[in-house]
């Protein structure tokens with residue numbers, strides 16, 4: 001595939017999705033990290049201690065979220081080094097599923113890869129997981145890595 005978009009959140013599954021995208025890409029992998037302003041924990045690859053983190057939605061919170069994204073991208077760049085695949089990175093703010101699908105459409109990617117955390121329960125029935133929503137809305141192929 002020419003261009004693959006990988007949604008990354010710093011989790012081991014998103015790293016695995018990135019590694020698979022590198023193995024399948026012909027030329028370009030775009031790594032997208034979405035900062036979710038409505039869910040402070042979504043954009044962090046670990047459980048945040050709210051007593052020490054900046055106030056959710058504050059400028060300091062967004063700066064911290066961007067620093068985390070930059071760290072994720074540094075790790076991905078090291079993985080891509082020497083692969084012969086061009087790596088593009090971008091951080092956007094918004095609802096993760098909607099932002100991923102909109103970005104994939106705008107960029108005209110051939111496929112979207114993302115980690116599927118396999119969360120289940122009442123909240124999943126009401127809201128759906130990001131992976132399920134992307135798979136249902138994206139007009140291109142979607143690879144959910146578990």
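The values are calculated or read from the model by the stated rules, or taken from the named source; none is laboratory data. Just so it is clear, the model here is predicted, and its values are computed rather than measured. Positions of Cβ are generated from backbone atoms using ideal geometry, with glycine treated the same way; all protein chains shown enter the neighbour counts.
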- Odd one out for residue 42 among (1) touching a strand residue (DSSP E or B) at 6+ places or on another chain (Cβ under 9 Å); (2) modelled with pLDDT of 90 or more; (3) assigned to a loop (DSSP other than H, G, I, E, B): (2)
- Query: Across the stretch 25-34, what is the total count of residues that are modelled with pLDDT of 95 or more and either within 17 Å of residue 134 (Cα to Cα) or surrounded by fewer than 15 Cβ atoms within 10 Å (Cβ to Cβ) (or both)?
  - Reply: 5
- Note on the structure: residue 71 vs (1) touching a strand residue (DSSP E or B) at 6+ places or on another chain (Cβ under 8 Å); (2) at pLDDT 90 or above: all pass except (1)
